[in-house]
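*Asks:* Pasting a structure below so you can have a look.
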Amino acid sequence: MSYSVGEVAKRTGVSVRSLHHYDAIGLLTPGGRSAGGYRQYAYEDLERLQQILGYRALGLGLDDIARLLDDDGDPLVHLREQRRRLSETIDRLGHQLAAVDKTLEARIMGIRLDPEEMFEVFGDDDPSRHVPEAEERWGDTEAYRESHRRTSKYTKDDWARIKAESAAIEGRFVAALAAGLPPDGEVAVAAAEAHRLSITTWFYDCGYAMHRGLADMYVGDERFAEHYDAQAPCLAEYVRDAIHSNADRAEAQVSGSNR
């Protein structure tokens, strides 16, 4: 079966003008002619065109492509070479895309760090990974806007302090759980209050009702639960119970003072 230049152009998306040019420079000369003298492309010609387009997609010039194809006409050789180059390009573009995505999400969140700085501070625990969902859930709230205003001013050192403070508080929960202390005991409740105050200090005014909501999310959302439970089994539930106990105490004190 053979194809006219118009049919090849329609099937491949390559313009008739480009096909004529490829023929003129000897890059892709159709193997036959019709009775009327028109170009006719055989299957082998389409294979060569595929190789040309593959190398063009990699950014090679026509002269370079011609040299590559003329050095070895085996289609398998060229397909393997194109696959190797495409894989390298995909890897490179993948890294670039990840860097852009991380920077974009960090900007939305208000984190003014480039990808390298974010990795230095957070490692694999990327704080911007939940940005789209957070914006969808709370983007219209004053707490979200306040957090964005504050974090947009933070430096790498600020984020390092926030991370260290958060790790220290979580460490208090882990130690209390390991010691068998109840979540409504003094040690766990104090850690819960430190957790609430840290959020208030660095992000937004976290009242007790809001803190309860966050605690429930730590258990209900498997991603947050995984973060805590990776440090100690059942830690997410322990933190939730401690936060609820702290809120109960605070609300009871308010109720008692109003009597």
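The values are calculated or read from the model by the stated rules, or taken from the named source; none is laboratory data. Predicted, not measured: the structure shown is a model, and the values here were computed from it. Here the Cβ is made from the backbone with ideal geometry for all residues, glycine too, and neighbour counts use every protein chain on show. Side chains are part of the model used for accessible areas, which takes the heavy atoms of the whole protein and leaves out ligands, DNA and RNA. Shrake-Rupley method; radii C 1.70, N 1.55, O 1.52, S 1.80 Å.
*Asks:* Taking R0 as 30 Å, what's the FRET efficiency between T29 and E81 from their Cβ-Cβ distance, rounded to 0.05?
*Replies:* Efficiency for this residue pair is about 0.85.
*Asks:* Something else: Calculate the dipole size of the stretch 164-210 relative to its Cα centre from +1 charges on Lys and Arg beta carbons and -1 charges on Asp and Glu beta carbons; express the result in debye to the nearest 20.
*Replies:* It comes to approximately 60 debye.
*Asks:* Here is a follow-up. Pulled fully out, how much extra length does the chain show between D63 and S4, if you take 0.36 nm times their separation in residues and subtract their Cα-Cα distance?
*Replies:* Stretched out fully, the D63 to S4 stretch lengthens by 18.8 nm.
*Asks:* Next question, about the same structure. Using C-alpha positions alone, give me the convex hull volume of the stretch 196-255 per residue in cubic angstrom.
*Replies:* Convex hull volume per residue, Cα atoms: 82 Å³.
*Asks:* Please list, in order along the stretch 156-164, the HN-Hα scalar couplings obtained from phi with the Karplus expression 6.51 cos²θ - 1.76 cosθ + 1.60 (θ = phi - 60°), rounded to whole Hz, x for Gly and Pro.
*Replies:* So the Karplus estimates, Gly and Pro as x, are 4, 5, 4, 5, 5, 5, 4, 5, 5 Hz.
*Asks:* Computing the accessible area with a 1.4 Å probe over protein heavy atoms, can you report the carbon and sulfur percentage for the stretch 155-199?
*Replies:* 62
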